[in-house]
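Peer 1: Just dropping this structure here.
No value in this document is a laboratory result; all are computed from the given coordinates. These numbers come from a predicted model, not from an experiment. Because the Cβ atoms are built from the backbone with ideal geometry, glycine has one as well, and the counts that use them run over all protein chains shown.
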Amino acid sequence: MANISVAYGIMTLKGNWTPKLVEKLNIIADEVWAKWYYDIQLDSFEPTEENKGALTAIFSANGRWAFNSNLEALGEWTMDDIKKNPETYVVYSELLNGMYENNLTIEVSYSDEESGCLVLYRETGILSSDGEKLKYEVTHDEEFEYNWENYMDVTGETETFYMLVKNLCGRLGPENNKNDLVERWAKVRTYPHSTDFDELNDDIQAEFKALFSII
């Protein structure tokens with residue numbers, strides 16, 4: 001089984017989406033994409049006069065190795081899933097035709113990370129239709145070294161990093177004055193999701209011991 005990545009982002013509808021087509025997209029997202037093992041949990045698009053032309057929805061997803069792979073396979077996976085469900089098949093076919101005939105697209109902008117293969121990147125791409133299936137094209141991507149500094153910058157998550165810093169500083173004793181040094185070292189030399197010295201690999205533990213005096 002493939003490793004599971006964790007993606008967060010925004011989908012934006014580009015072009016003149018009618019309320020009926022938006023409703024069809026919401027149905028496919030809720031009844032198909034959200035039910036997969038490598039799922040996409042997408043908030044419903046809610047058209048109003050105020051957001052017409054700039055309709056967005058937040059999503060979270062589990063990537064198969066990386067969420068980019070899900071997006072590249074999204075058309076194939078969706079068709080395989082619905083081909084034995086006539087009602088959903090009609091909805092999806094009408095969605096694809098409407099997107100194609102009216103030159104409508106879905107912009108996907110997200111961050112993705114996976115700790116097993118040290119994957120961390122941001123990506124923007126476009127989902128479009130040729131009338132028969134969804135296609136995905138990357139328009140921008142940026143990869144990052146997998147460490148706490150980049151992880152916090154990309155995802156905005158900081159709480160667990162400072163749990164690690166507190167744990168590491170605790171190894172130095174209550175009278176130490178190296179908190180800032182430990183924090184700077186941990187940002188670039190340790191991996192996200194580690195919150196305890198004992199979770200670090202042997203080489204990183206040895207480096208920490210060599211740089212800082214442990215009681």
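Peer 1: Note the angle between two axes, namely the Cα long axis of helix 159-170 and the longest principal axis of the Cα atoms of the chain, as a number of degrees from 0 to 90, rounded to the nearest 10.
Peer 2: 10
Peer 1: Quick one: length gained pulling Ser109 to Thr139 fully straight, 0.36 nm per residue minus the C-alpha distance? The partial results should precede the final answer.
Peer 2: Numbers: separation 30, 0.36 × 30 = 10.80 nm, distance 0.98 nm.
Here the answer is 9.8 nm.
Peer 1: Given the Cα-Cα distance of Ile58 and Lys20 and 0.36 nm per residue of separation, how much length would full extension add, in nm? Don't jump to the answer; show the numbers that get you there.
Peer 2: On the way: separation 38, 0.36 × 38 = 13.68 nm, distance 2.01 nm.
Fully extending the segment from Ile58 to Lys20 adds 11.7 nm.
Peer 1: Continuing with the same structure: Taking 7 Å along the Cα-to-C-beta vector as the label spot, tell me the Val188-Thr124 distance in nanometres, rounded to one decimal.
Peer 2: 2.9
Peer 1: Going by average Cβ density within 10 Å per residue, which order do the peptides 80-89, 27-36 take, highest to lowest? Each step should come with its number before you reach the end.
Peer 2: Working: 80-89: 12.9, 27-36: 16.5.
Packing order, densest peptide first, comes out as 27-36, 80-89.
Peer 1: Helix 67-82: angle to the longest alpha-carbon principal axis of the chain, degrees 0 to 90, nearest 10?
Peer 2: 40
Peer 1: Please give the helix 179-189 orientation as an angle from the longest Cα principal axis of the chain, in degrees from 0 to 90, rounded to the nearest 10.
Peer 2: It works out to around 50 degrees.
Peer 1: Considering the convex hull of the alpha carbon atoms of segment 4-143, report its projected area averaged over all viewing directions, in nm², one decimal.
Peer 2: 7.8
Peer 1: Kindly provide the helix-only [θ] at 222 nm of the chain, computed as the sum of -39,500 (n - 2.57) over DSSP H runs of four or more divided by all residues, to the nearest 500 deg cm²/dmol?
Peer 2: Values: 7 runs with 86 residues, N = 215.
So the helix-based figure for the chain works out to -12500 deg cm²/dmol.
Peer 1: For Asp180 and Ala34, what is the calculated FRET efficiency with R₀ set at 35 Å and r taken between the beta-carbons, to the nearest 0.05?
Peer 2: Details: r = 44 Å, r/R0 = 1.26.
So, using R0 = 35 Å, E works out to roughly 0.20.
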